[in-house]
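Here is the structure we will look at, set down as structure tokens.
The values are calculated or read from the model by the stated rules, or taken from the named source; none is laboratory data. Computed from a prediction, not measured in an experiment: that's the story for all the values here. Glycine gets a Cβ as well: all are built from the backbone with ideal geometry, and neighbour counts include every protein chain shown. Note: areas computed on protein heavy atoms with side chains; ligands, DNA, RNA excluded. Shrake-Rupley method; radii C 1.70, N 1.55, O 1.52, S 1.80 Å.
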Amino acid sequence: ASLGDLRIGARVRIVGEDESVAQFGVGAYVYAPTGALDGNGSYTGDGSTRVAPQLLFGGRYRYSPALSFVYTAMGGLSIRSSKNPTSVVYGAGVAALLAKDTLQVGPEFYASTPIMPGAFTLVEGEKISLNEDTNAELLLGARWRFYEGLTIGAAGGPGLSKAIGTPAFRFTGMIAWAPVAKSSAVLDENTD
């Protein structure tokens, strides 16, 4: 086990409201090269800064006052340094919202396909050939919004291929701040 590259990012919704069945947005992440490159086989980082712009589609369906479902789909690029191939990244997820929308539980799928030939250079002087085109994994996770927009979560699951970047099993945790959107009805009440 080892810490990987630090990821910092943002997402912006362009079309749709928080309660809409269909929403569209954009996002981007920047990865700082903080992962170990010690030559001992940890391979937790790329060794250089990379960026990942994304297009996002999702929505929310309220089944009952106590249960909603949310879904998301994403497609984009992982633009790496000249040492490593740029990839198309894509994924999707669905989750149930419970406990007055403070608890989110569900699976998500993620995959990446290199669009350039070549090999990965993760340790200086050592190249790793692309043995399969697509790496893919499936995670089952939960997130809990416990104070305003402050959220904690965890997820885990198996890799689905043998390609570079696919873990045998991945466990991940998160701490995030996602402000709670006010519905237009609440905004109208406040302006009367």
If the Cβ limit is 9 Å and pairs must be 6+ apart or interchain, which residue in the range 67-79 that is within 13 Å of residue 97 (Cα to Cα) pairs with which residue that is open to solvent by 30 Å² or more (accessible area, probe 1.4 Å) and among the polar types (S, T, N, Q)? 70/104
So, of the residues in the range 134-150 that are under 15 Å from the mean Cα position of the chain (by Cα) and open to solvent by less than 30 Å² (accessible area, probe 1.4 Å), which turns out to be nearest to residue 106 (Cα to Cα)? 141
When (1) open to solvent by 30 Å² or more (accessible area, probe 1.4 Å); (2) closer than 22 Å to residue 109 by Cα; (3) of a type in the set (Val, Ile, Thr); (4) modelled with pLDDT of 80 or more are applied to residue 49, the one that fails is (2)
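Here's the yes/no breakdown for (1) modelled with pLDDT of 95 or more; (2) part of a strand (DSSP E or B):
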{"site": "76", "(1), (2)": "yes, yes"}
{"site": "83", "(1), (2)": "no, no"}
{"site": "91", "(1), (2)": "yes, yes"}
{"site": "100", "(1), (2)": "no, no"}
{"site": "112", "(1), (2)": "no, yes"}
{"site": "127", "(1), (2)": "no, yes"}
{"site": "132", "(1), (2)": "no, no"}
{"site": "139", "(1), (2)": "yes, yes"}
Considering only residues that are part of a loop (DSSP other than H, G, I, E, B) and of a type outside the set (A, V, I, L, M, F, W, C), look in the range 151-162 and name the one that is nearest to residue 108 (Cα to Cα). 161
I'm trying to understand the selection: among the residues of the range 151-192, which are open to solvent by 100 Å² or more (accessible area, probe 1.4 Å) and modelled with pLDDT under 80? 182, 189, 190, 191, 192
Hits in the range 11-34 - residues which are modelled with pLDDT of 95 or more and among the polar types (S, T, N, Q): 23
